[in-house]
Amino acid sequence: MAISMNPIKRAAALFTGLLGMALPDGLGAASQPAQPVTTRGSVVIEGIATRPGRIELPYVLYRKPGPARPTLFFLGGGPGVSNLKNVPPAAWLDDFDVAVLEYRGVGKSSIVLDSPHFGRGLRTLRGRLALADTAPLQAAYRAGFDDLRRQGVAFDDFSIDALAEDLERLRQALDVPQVYLVGHSFGTRIALAYQTRHRDRVAGSVLFAMNTPGGFVWNPEQTQQVLTRYADHLAHRDGEAAAALRETLAQPAARPDRFLGVLPVNDAKALFVAYFMSFNTWTRDSSLRALTGAQRGEAARWFLFSASYDWFIRFGFNWADFFLKAYATDCDEAAIQRVDAEGQGAVFQSPSSVLFAGTGAYTAAGGRCAPTDFTPDYRNTLAINGEFDTTTPIERKPAELPAERYIVIPGAGHADILYPDLGSAARWLRGFLLHPDRAAPPATTAHKAGDCGVAKPPAEPGAGQQWDADNGGACSTSLPPPSPPRGGLAALGGMPHERD
């Protein structure tokens, strides 16, 4: 349904939605605990290679009045965003004291990674989302990595292993023998590293939108699979939109390069924005409407996406932190070449070719670029991923994780599984976190991905689940329907379909 909106209001709504999309991991106001007891402190790490040789990381400990409860570390998404912006839902504090530690290199960290070259490079984007069109970006990335090195930044100090060791320092500072972990997206990579390095210190973990090793390099073929699955879902409510999406996926075509005949449209920038907006439920439909419409010659929405790109780059992330941590975590030249080739015929091409175009510059500046040999320890781990998440897709389910410990939330994307409604799932989380050794037995009925039935939120993991034979995970409706941020892209055409 089209919404009448003047261009200024439409642009403002688009920008608001982009900020909500770019910063998906902060828990909304509805999740904030009512007057918790908060204790603030900091962890100091001495002897790092980065100047000045020490780093101080603040933390906030949230708890209810009364006796101490088991300690839970919350690790939000990123990189490039502060972890301290995350406030735990009030329901968590019934069972846990929740500690939120700042990530090194960003936010309130005593060392904040800072170089303008990465953002400037991204603003030069044009052509295709492919390595062949990234020469200006590569030059900017080279300047950025060289700038960080001149500032005295040691790249290994910002690896996943280093961030995991920060958690161990926090555990020691709090003087607790064991902790529980709840992570989202980038935070799940830190959680996996910590529980693998310090298995006896982690009682259990719940990982939302789990990012597995290599997960910063997005696979275009997997993105196509997610969107094909979404087209099947969309067909139940809008056959025309589903057909348009299938057509676009099968044969991407040229899109308009002008709006109203005179205003230029940068297709690469619009496509990059559309890809990021495809991550989440409340922006996915707007993204795909703009994409399929542009393929049919409709320029208005595509122009807005193109125009909003520079705003997103300016305000979305600390890009120096984003790039250094992403490269330090998943720099793999062979993987980049592979996804670049896959992107030639994919609807979103290869966004990772844009973000990882600087591998040569990174290694020239002293970084290490090689496939990871890290094998996570998945014991006492429950993973929860969205059915239509295009950035941590269910196609990446690790074989080492028992199928009954992998939950697929029907209809969900990347961040909507961690917005205010998470507080409603506290009883379900409690059942696993307090008894992580108890496997959740699946039901016997097989269902295809995208055909998950609806059940009331179970009291504990495993209750009311249905087995998903296609992706090797349990298909569940443990969380209530997601609540989007106020306003934003939801105003541009209504909310996505909710299952019957």
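The values are calculated or read from the model by the stated rules, or taken from the named source; none is laboratory data. For clarity, every value in this text was computed on a predicted model and none was experimentally measured. We place every Cβ from the backbone using ideal geometry, glycine too, and count neighbours over all the protein chains shown.
Starting from residues that are within 19 Å of residue 163 (Cβ to Cβ) and among the charged types (D, E, K, R), keep the ones in region 184-227 and report whichever is surrounded by the fewest Cβ atoms within 10 Å (Cβ to Cβ). The qualifying residue surrounded by the fewest Cβ atoms within 10 Å (Cβ to Cβ) is 199.
The selection criterion, being closer than 30 Å to residue 152 by Cα and surrounded by fewer than 20 Cβ atoms within 10 Å (Cβ to Cβ), holds for residue 373.
The residues of region 73-119 that are among the hydrophobic types (A, V, I, L, M, F, W, C), assigned to a strand (DSSP E or B) and in contact with a helix residue (DSSP H, G or I) (Cβ under 7 Å, 6 or more places away or on another chain), listed by number, are 73, 75, 98, 99, 101. For residue 205, the criteria (1) in contact (Cβ under 8 Å) with a residue 60 or more places away in the chain; (2) in a loop (DSSP other than H, G, I, E, B) hold in every case but one, which is (2).
Under 24 Å from residue 393 (Cβ atoms) and surrounded by 23 or more Cβ atoms within 10 Å (Cβ to Cβ) - does that describe any residue in region 297-305? Scanning region 297-305, I find at least one residue that is under 24 Å from residue 393 (Cβ atoms) and surrounded by 23 or more Cβ atoms within 10 Å (Cβ to Cβ), so the answer is yes. Going by the conditions given, is residue 180 within 17 Å of residue 56 (Cα to Cα), among the hydroxyl-bearing types (Ser, Thr, Tyr) and either under 23 Å from the mean Cα position of the chain (by Cα) or surrounded by 15 or more Cβ atoms within 10 Å (Cβ to Cβ) (or both)? No, not satisfied. Of all residues in region 120-135, those that are surrounded by fewer than 21 Cβ atoms within 10 Å (Cβ to Cβ), of a type outside the set (Asp, Glu) and in a helix (DSSP H, G or I) total 3.
Tell me whether region 343-354 contains one or more residues that are over 30 Å from residue 151 (Cβ atoms), part of a helix (DSSP H, G or I) and under 22 Å from the mean Cα position of the chain (by Cα). Yes; the residues of region 343-354 include at least one that is over 30 Å from residue 151 (Cβ atoms), part of a helix (DSSP H, G or I) and under 22 Å from the mean Cα position of the chain (by Cα).
Pairing each residue of region 296-307 that is farther than 12 Å from residue 266 by Cβ with any residue that is part of a helix (DSSP H, G or I) and of a type in the set (Ser, Thr, Tyr), provided the two are 6+ apart or on different chains, yields C-beta distances under 8 Å for 301/286.
Sub-8 Å Cβ pairs linking a first residue in region 41-66 that is closer than 15 Å to residue 153 by Cα and at pLDDT 95 or above to a second residue that is exposed (fewer than 11 other Cβ atoms within 10 Å of the Cβ) and not charged (D, E, K, R), at least 6 apart or interchain, are 53/47; 54/47, ordered by first then second residue.
Okay, residues lined up against (1) modelled with pLDDT of 90 or more; (2) within 19 Å of residue 189 (Cα to Cα); (3) not in a loop (DSSP other than H, G, I, E, B):
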residue: 388; (1), (2), (3): yes, no, no
residue: 427; (1), (2), (3): no, no, yes
residue: 441; (1), (2), (3): no, no, no
residue: 449; (1), (2), (3): no, no, no
residue: 454; (1), (2), (3): no, no, no
